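See below for the structure under consideration.
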Amino acid sequence: MDSKQGDITGYYIQPSFSKTIVTHAGNLCDFSGANNIGLWDPKSMKNLNLITGIPAQDSQIYAKAMPGGNGNRIIMYSADKFQIIDFDNKEDLVVWEKISTTDYIQQIAINPSNTKEICVLMVSGYINIWDIEEKKVIQTFQTIRKMYRRIQIFPGGKHLALQDKQGFEINILERSTGIEQKIPLKSPAQRFLVLNEKEIAIVFKNYVQIRNISRGIHDIQANLLCDDPDEVFESILLLNNNKWLIAAGQKGILRIWDIEQQKIKFQLDTNQFNDTHKLARFNHIYSIFILHKSQKLCVLNSEERRLRVFKIDENFENPDFQKSFQYDSDYTTSINSFEMAFSLNGKNLIGLFSSKGTFTEDEVIFTKEIEILDLNTHIIIASKDLSLPGYILEQETMRSNGQNKLYYRIKNESNPQRFYIEFDVEKFLSLPQDKRLDQDQRSNYETWNSFNVQDEGKYVTFTPIDSHIDSIIVAFGVTVPVPDLEKEDFLQEKYGISVYDYKINQRWQHLFESKFIVKFSCMIDRNTIAFVNPENCIEIWNIESNTMIKSFDLNEYKFVISQFIINQDRLIVVDPQNKLHIIDLEREDELDKIKLYAGEVIKSIQMVGDNKCIVFYSNETIQKVDLEEFKIEKHNRNQPITNILVLPKQDKQDEPLVLILIEEYVEIRNFKNI
């Protein structure tokens, strides 16, 4: 995908299939949640575009396909705003925000005969007809009933159909007179579908009723009956020949009726296309739609989030099962959540770490996986299950050195023994596909180092994920035996701080004369460490020469350190009240302090270039901080964000990129567009 398209320069790893619509051009629009939309080619399932829609605060986002342009136009709406987006023309945007201060949008309908008109149903019962070219309301109705949940416009645009909240009424509103006529129903309708200028299909629990409003609203033209009294229909679709109607529901069976003959023409059980390992349950069909250009029928299942595609002919005879797409890369019924991300080679390869739970007949088996994503091709090129029987993977230790080496620590389940594993990405990718799954091949790309360092103590600090500094800081306070020639050996307490590389070679050690365990430390670069000493001073040391470069006294400042980082000549400190203090180390002068999001736990602070940083909180809030202008932007994205990563900046790239993990998918954004 062209990185210049849209605000998001990245992509979903795969379509989520949680919500899907089809554009008039025949492409799939996938809504993974919140306000992001992926456009997918249904033939290759290649991502064509990814855009940001309207930001919803506490409401869900809905969308519909619209005619116009090259066929890739949609309308998105939430409770208080709507937006018309053309994937092929990002400049052609129509946005209304806060269309009412006292009312909210219930649903939006599109006039199939006039692409300029949309119909906005408000919660209060008001209906506003908008001219999207003139950008104004051209007609308003106050309905006789205030609580409606669905609205559609009949072709020709003369009538509107509305369904009440309880489902016991379908009302027909004539636009020229504003007169409403009620169709009372004996049992609640699941939904309805306008078929043409005269006919409407009303979906009940297990049958569909066709009414012709030109003959009077009480005229029942047909009853399309189902042979299963326990079926519950949730989706219906009119085929483009306008003769056949498809209904689908909770049992995963498609029933195709001939409307004129009022009989089932064909029945398709999608359950027969399940994987053999799938749990014994029905495919709860969420929606069905037709890709008219390729004559393909798409069936979206809501529980396992799988899209099944069938090839159909003009007569809908013998549908041919084509392919199946699912969120999970191995097409199993599973739970997947991205938790960490890191640059593997400082360029195009990204490591995505996730916990994955796979359903079996008896239980859910959880594994720890690393997936390798190529930013150039937008494809996950390899994956590896890092779980080992008898060992616990300590995922908080996982780091990359930015030179195709991945490091992480594992712990023996039966004893305190630990190992630090070096995972060689280049050697792993050089193996044939089938060899990557072979456990006997692990020695070709894995190196184990014992982590039983002598002075491992209370605090073990791993350098930030984005730094690529292959160092582990160990702050210790241990008791060790000291040999004495004149008398028995005696015990001596040692307190200090050590630096190890990722192969557990000790590179540096510093001892304290007092009983003190360092709580706050960081690596400025591979050969420079900073830590807070017993006198509440920040000491900066050169590891290679074992000399102290600078000591900075914190006692004159009235704050306590919660965490800190050093960038160039600036000390950036966060105190327990989440105030960010910026201090010039050369002049030893506090430049300013910025109040961050109070009361929330900060999960990480990452530098973005030289003058900005990004703060990520445990409540999934993101804040951007300008360290030169001392200002802050708050971005609560209302998404289940698990982690963020500032990506290595490329030579020709002006704006830094930030990778955001949102549980089940990944997006990459320009820093300014977060």
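Odds and ends about this structure:
- In the range 388-396, the condition of being assigned to a strand (DSSP E or B), at pLDDT below 85 and under 27 Å from K494 (Cβ atoms) is met by at least one residue.
- Residue within the range 133-140 that is in contact with a helix residue (DSSP H, G or I) (Cβ under 7 Å, 6 or more places away or on another chain) and modelled with pLDDT of 90 or more present: no
- Qualifying positions in the range 207-232 - assigned to a loop (DSSP other than H, G, I, E, B), touching a residue at least 40 places away in the same chain (Cβ under 8 Å) and within 41 Å of the chain's Cα centre (by Cα): V232
- Of all residues in the range 157-173, exactly one satisfies the criterion of being loosely packed, with under 15 Cβ neighbours inside 10 Å and either β-branched (V, I, T) or at pLDDT 90 or above (or both), namely K158.
- Unmet criterion (only one of (1) part of a loop (DSSP other than H, G, I, E, B); (2) among the hydrophobic types (A, V, I, L, M, F, W, C); (3) more than 37 Å from the chain's Cα centre (by Cα)) for A189: (3)
- Every condition in (1) crowded, with 18+ Cβ neighbours inside 10 Å; (2) in contact (Cβ under 8 Å) with a residue 40 or more places away in the chain is met by D610 except one, and the failing one is (1).
- Among the residues making up the range 402-444, those that are at negative phi and among the small types (G, A, S) are S414, S430, S443.
- Within the option set S100, S32, being touching a Gly at 6+ places or on another chain (Cβ under 8 Å) and at pLDDT below 85 holds for one residue only, S32.
Quick grid of which residues meet (1) of a type in the set (A, V, I, L, M); (2) under 30 Å from T377 (Cβ atoms); (3) modelled with pLDDT under 75; (4) crowded, with 16+ Cβ neighbours inside 10 Å:
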site: D41; (1), (2), (3), (4): no, yes, no, no
site: M45; (1), (2), (3), (4): yes, yes, yes, no
site: G53; (1), (2), (3), (4): no, yes, yes, yes
site: Q57; (1), (2), (3), (4): no, no, yes, no
site: G69; (1), (2), (3), (4): no, yes, no, yes
site: D80; (1), (2), (3), (4): no, no, no, yes
site: N89; (1), (2), (3), (4): no, yes, no, no
site: I110; (1), (2), (3), (4): yes, no, no, yes
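- Some residue of the range 559-581 being over 39 Å from the mean Cα position of the chain (by Cα) and farther than 13 Å from H510 by Cα: no
- Residue ranges of strands (runs of 3 or more DSSP E) in the range 456-529 with at least 2 members modelled with pLDDT of 80 or more and crowded, with 16+ Cβ neighbours inside 10 Å: 471-482, 490-501, 506-511, 521-525
- Residue match in the range 548-555 (condition: modelled with pLDDT of 90 or more and either assigned to a loop (DSSP other than H, G, I, E, B) or within 39 Å of the chain's Cα centre (by Cα) (or both)): no
- Residue check, I582 in contact with a Lys or Arg (Cβ under 9 Å, 6 or more places away or on another chain) and modelled with pLDDT of 90 or more: no
- Elements of type strands (runs of 3 or more DSSP E) in the range 568-620, at least 1 residues being among the hydrophobic types (A, V, I, L, M, F, W, C) and over 24 Å from N670 (Cβ atoms): 570-574, 579-584, 589-595
The values are calculated or read from the model by the stated rules, or taken from the named source; none is laboratory data. The structure displayed is predicted, hence computed values, not measured ones. Glycine also receives a Cβ, built like all others from the backbone with ideal geometry; neighbour counts cover every protein chain displayed.
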